[in-house]
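Structure first, then comments.
The values are calculated or read from the model by the stated rules, or taken from the named source; none is laboratory data. On a predicted model such as this, the values are computed, not experimentally measured, just so you know. FYI the Cβ positions are ideal-geometry reconstructions off the backbone, even for glycines, and counts take in every protein chain you see. Heavy atoms of the whole protein, side chains included, go into the accessibility calculation; ligands, DNA and RNA do not. Shrake-Rupley method; radii C 1.70, N 1.55, O 1.52, S 1.80 Å.
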Amino acid sequence: MKTLRFLLLLGLVINTAQAQPNLSYYLPESITYNPAIPSPQSVIGHEVGEWHISHDRLVNYMYALDKASDRITLEVTGYTHEARPLLLLTITSPKNHQNIEVIRNQHIQLTDPSRSAGLDVKTMPAVFYMGFSIHGNEASGSNAALLTAYHLAAAEGKEIEEYLNNTIILFDPSFNPDGLHRFSSWVNSRKSKVISADPADMEHNEPWPGGRTNHYWFDLNRDWLVAQQPESQARIKKFHQWKPNVLTDHHEMGTNATFFFQPGVPSRVHPLTPERNQELTRKIGEFHAKALDNIGSFYYTQEGYDDFYYGKGSTFPDVQGAIGILFEQASSRGHAQESVNGVLHFAFTVRNQFTTALSTLKAVNALREDLLNYQREFFKNAVADAAKDPVKAIVFGSKDKARAYHLAEIMVRQQVDVYTLPSSQTINGKNFDAESSFVVPLNQPQYKLIRGMIERRTQFKDSIFYDISTWTLPLAFGLDYEELKVAPALGQKVTEIKMPAGKLIGDIAQYAYVFEAYGYYTPRAINRLLQNGIRVKVATEPFYHASGKKFERGSLLVTVADQGKVADQIQYYIREIIEKDGIDVYSFNTGLDYKGVSLGSGTFQVLRKPEIAMLVGDGVSANDAGELWHLMDVRMHMPVTTLPIDVLNRTNINRYNTIIFPAGSYSGITDATKERLKTWVQNGGVIIGFDNALNWLTTAGLGKFEMKKDEPATDKKSEQPRAYADIEEYRGAQQSPGAIFEATVDLTNPLLYGYTQSKMPVFKDNNLFMERSKNPYGNPLVYGASPLLSGYISNPNYAKLKNSSMGGFTTLGRGRVIGFTDNLAFRAFWFGTTKLFTNAVFYGNLLNEAAAR
């Protein structure tokens with residue numbers, strides 16, 4: 001009996017501490033491997049799946065394969081924010097390596113209809129881009145990359161030789177090195193020898209912000225189209241250098257799921273994506289199904305995920321003549337975790353990812369000619385569609401040279417042909433200056449991508465979206481733009497995009513310098529001056545230059561004589577504004593102004609140097625906080641303390657004059673801290689809150705941001721019976737995935753300084769609808785009666801959005817609490833509304849209490 005009990009206990013321990021699989025668990029049977037090629041274990045020091053691979057060891061193994069195999073060449077394509085290398089391995093046969101540039105140049109011709117007709121695809125290799133773990137805590141992908149790279153380097157036999165002869169593989173073992181490092185450090189340092197599969201174990205509960213994102217907490221799988229992060233920029237450059245036929249993107253999902261591969265939900269495919277794309281995706285899916293069937297793994301397809309937003313890795317290729325494939329593996333979020341399907345072991349998740357990497361390779365080879373022909377036809381059809389399009393070009397521009405430049409930068413990065421405007425023009429009442437405007441002809445191979453960048457869409461086949469429903473880039477940048485029905489004259493083709501410099505208007509000033517507020521980098525210029533002890537004043541009334549030029553409210557004044565610095569120092573900082581920030585600066589040699597206010601008027605108010613803290617930690621949206629951090633740190637060079645909520649509860653906040661509340665619940669803030677915050681605001685502090693943080697600020701007695709309430713249904717249609725099976729679909733349709741709305745703004749309010757038009761496109765991705773203030777001065781930004789510009793919103797939500805407020809402020813003693821219902825720095829590409837935030841930082845304490853909500 002004792003022996004039986006011992007054996008039962010031993011069996012339980014063995015089951016819990018499951019023996020670590022070796023390579024035979026993963027690799028295909030009946031294939032031999034070249035012993036001269038190092039195995040993963042021989043380099044990284046452990047079996048694949050025994051520990052989570054750290055990025056440094058992953059890099060070491062890739063270098064070891066590059067050194068040992070004539071099938072591989074390795075290059076560093078860039079570096080992350082944390083200076084980790086971004087690797088790309090080109091894997092193919094030695095023969096192909098000898099002719100790699102010839103092969104690449106011939107392949108690129110498939111995307112040029114003027115040169116593609118005569119190509120014989122029967123003799124051409126396909127190009128297959130393999131990418132892993134763009135979300136760092138979805139680590140089975142990068143761990144499977146170890147196995148996949150080993151297999152491609154070491155496998156022997158006719159099959160692998162045929163695959164490598166017929167395929168150029170672009171192999172990225174880690175799309176997100178910083179996130180992968182963050183996550184692997186967490187789970188490895190909390191792994192027990194007897195692994196705990198309890199979901200409550202600390203190994204499975206990584207701390208805020210988690211390993212999903214990059215250094216600035218950006219979701220890199222939403223950055224493919226706009227490429228605002230260095231990881232994306234390096235990746236996109238290689239994508240266009242090769243124009244792959246298939247791109248795979250290995251992810252993870254909830255622990256209780258199984259395995260997903262595309263296609264996604266059929267009704268949620270972007271209309272610009274050809275049906276042939278989905279046909280080929282389904283054919284490739286048959287290879288995944290067979291491979292997963294062979295190892296007994298369960299899976300599903302055509303559910304949950306979609307192919308709509310072109311900023312995702314699996315959808316971005318779809319608008320470029322390629323096939324994007326998303327893989328989603330149920331996550332062990334550690335080394336083993338209980339699930340509804342039993343204990344999910346990390347090694348099992350790695351095996352599924354490895355298996356589908358190989359099944360895609362097999363599919364690419366079986367469908368090689370189909371994929372190459374599809375690529376050729378895609379671009380041929382794109383040019384034909386462009387010829388039939390009544391719109392022949394778009395022109396965009398702004399007084400602000402920087403925002404126009406940054407949109408042109410995105411387009412050029414995506415190999416869109418962009419031209420300067422040959423002369424200044426007025427089109428439909430909009431002025432387009434040749435110095436700060438660009439023209440994009442639609443008759444070019446990237447026609448569909450251009451349409452995907454600029455289209456406005458309000459009609460959809462489905463009402464549920466996995467991500468945002470619109471992303472019209474000219475609206476995101478707040479630019480004037482027009483669609484031209486006649487092909488325009490073109491200036492020079494933009495081949496190398498450079499940030500434009502400003503100009504000094506007039507001679508070196510002995511009295512004062514002035515620059516206008518509309519420039520995107522005006523906040524950076526103001527901050528640099530303040531950080532260097534230069535007094536800056538903001539105009540709250542219009543005034544005039546001796547030349548007759550009018551300067552609007554929000555213009556910035558830098559006097560020369562009373563700064564306590566020699567004139568040369570002032571001139572140095574002014575040159576920096578001109579050269580680094582792209583801003584025109586005007587010299588004033590007199591303060592007298594009979595048309596407006598003179599420069600000594602009390603209507604010029606002195607700006608205080610911002611001392612900023614931004615709350616972070618549990619309950620705060622890491623994405624939203626990261627976007628603000630990136631804006632302040634990377635773009636505006638503004639010092640900011642990222643202040644954890646638990647530290648806020650015990651630290652002296654009097655060193656700050658501005659505290660930012662990104663979207664979040666803030667349940668961790670204690671009652672005592674609420675009282676300290678109230679006192680701090682009463683003494684002159686400024687709080688800037690976003691999204692659902694406004695609800696917390698209101699409940700805490702710090703602000704007055706009343707939201708519209710859900711009202712009982714009164715229409716007969718809403719009272720009609722609905723099928724039980726439609727519950728999730730109906731609820732999903734009430735979510736607001738992200739759409740663009742027009743706000744009417746008060747240009748005289750300091751929060752709007754630098755804006756020149758009374759209408760503003762705003763991105764909204766929540767169901768917060770703020771009541772208008774009863775104070776007639778208290779509604780600086782409001783949505784009107786018909787605000788939808790592009791995207792999806794349900795009818796009930798649209799009714800609440802109409803005539804609602806988007807922002808405002810309340811007073812508490814000498815301080816101000818400023819609130820915005822929406823994200824002003826969305827994914828770093830929503831350039832048009834960021835100035836609202838920086839204005840709140842610099843001018844928040846100057847807001848007149850008579851305009852409070």
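Results, tabulated for the structure shown:
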{"item": "Among residues of segment 600-651, those that are β-branched (Val, Ile, Thr) and within 20 Å of Leu824 (Cα to Cα), counted", "result": "7"}
{"item": "Test: residue in segment 38-46 that is surrounded by 14 or more Cβ atoms within 10 Å (Cβ to Cβ), under 30 Å from Asn294 (Cα atoms) and small (Gly, Ala, Ser)", "result": "yes"}
{"item": "Pairs where the first residue, in segment 96-115, is farther than 24 Å from Glu161 by Cβ and without any contact (Cβ under 8 Å) to a residue 40 or more places away in the chain and the second is outside any helix (DSSP H, G or I) and open to solvent by less than 70 Å² (accessible area, probe 1.4 Å), C-beta under 8 Å, 6+ apart", "result": "Gln109/Ser116; Gln109/Leu119"}
{"item": "Scan of segment 639-651 for residues that are in a loop (DSSP other than H, G, I, E, B) and over 24 Å from Gln228 (Cβ atoms), ordered by number", "result": "Asn649, Arg650, Thr651"}
{"item": "Segment 742-754: number of residues that are free of Cβ contacts under 8 Å to residues at least 60 places away in the same chain and part of a strand (DSSP E or B)", "result": "3"}
{"item": "Selection count where residues are farther than 21 Å from His240 by Cα, free of Cβ contacts under 8 Å to residues at least 60 places away in the same chain and of a type in the set (A, V, I, L, M, F, W, C), scope segment 381-433", "result": "4"}
{"item": "Which numbered condition Ser667 misses (of (1) open to solvent by less than 20 Å² (accessible area, probe 1.4 Å); (2) over 28 Å from Ala402 (Cβ atoms))", "result": "(1)"}
{"item": "Breaking point among (1) closer than 30 Å to Leu344 by Cβ; (2) in contact with a strand residue (DSSP E or B) (Cβ under 7 Å, 6 or more places away or on another chain); (3) not acidic (Asp, Glu), for Arg84", "result": "(2)"}
{"item": "From the options Pro230, Pro207, residue that is over 16 Å from the mean Cα position of the chain (by Cα), open to solvent by 10 Å² or more (accessible area, probe 1.4 Å) and more than 24 Å from Ser39 (Cα to Cα)", "result": "Pro207"}
{"item": "Residue satisfying condition, being polar (S, T, N, Q) and under 21 Å from Lys448 (Cβ atoms), within set Thr273, Thr360", "result": "Thr273"}
{"item": "Search result, residues across segment 46-55 that are in a helix (DSSP H, G or I) and either β-branched (Val, Ile, Thr) or under 12 Å from Ala347 (Cβ atoms) (or both)", "result": "none"}
{"item": "Enumeration of residues in segment 338-351 that are among the polar types (S, T, N, Q) and out of contact with any helix residue (DSSP H, G or I) (no Cβ under 7 Å at 6 or more places or on another chain)", "result": "Ser339, Asn341"}
{"item": "Helices (runs of 4 or more DSSP H) contained entirely in segment 126-189, each with at least 1 residues that are over 30 Å from Ala622 (Cα atoms) and open to solvent by less than 10 Å² (accessible area, probe 1.4 Å)", "result": "140-154, 158-166"}
{"item": "Residue in segment 108-123 that is under 16 Å from Ser331 (Cβ atoms), part of a loop (DSSP other than H, G, I, E, B) and open to solvent by less than 10 Å² (accessible area, probe 1.4 Å) present", "result": "no"}
{"item": "Filtered residues of segment 56-80 (kept if open to solvent by 20 Å² or more (accessible area, probe 1.4 Å), closer than 24 Å to Lys95 by Cβ and either part of a strand (DSSP E or B) or β-branched (Val, Ile, Thr) (or both))", "result": "Thr73, Leu74, Glu75"}
{"item": "Matching entry among Ala489, Ala476 (being in contact with a Phe, Trp or Tyr (Cβ under 7 Å, 6 or more places away or on another chain) and either at pLDDT below 95 or not charged (D, E, K, R) (or both))", "result": "Ala476"}
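Residue-wise test of (1) at pLDDT below 95; (2) touching a Leu at 6+ places or on another chain (Cβ under 8 Å); (3) under 21 Å from Leu361 (Cα atoms).
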residue	(1), (2), (3)
Arg71	no, yes, yes
His81	no, no, no
Ser93	no, yes, yes
Gly118	yes, no, no
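Quick grid of which residues meet (1) in a loop (DSSP other than H, G, I, E, B); (2) over 30 Å from Asn214 (Cβ atoms):
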{"position": "Arg608", "(1), (2)": "yes, yes"}
{"position": "Glu627", "(1), (2)": "no, no"}
{"position": "His637", "(1), (2)": "yes, no"}
{"position": "Ile653", "(1), (2)": "yes, no"}
{"position": "Tyr666", "(1), (2)": "yes, no"}
{"position": "Leu677", "(1), (2)": "no, yes"}
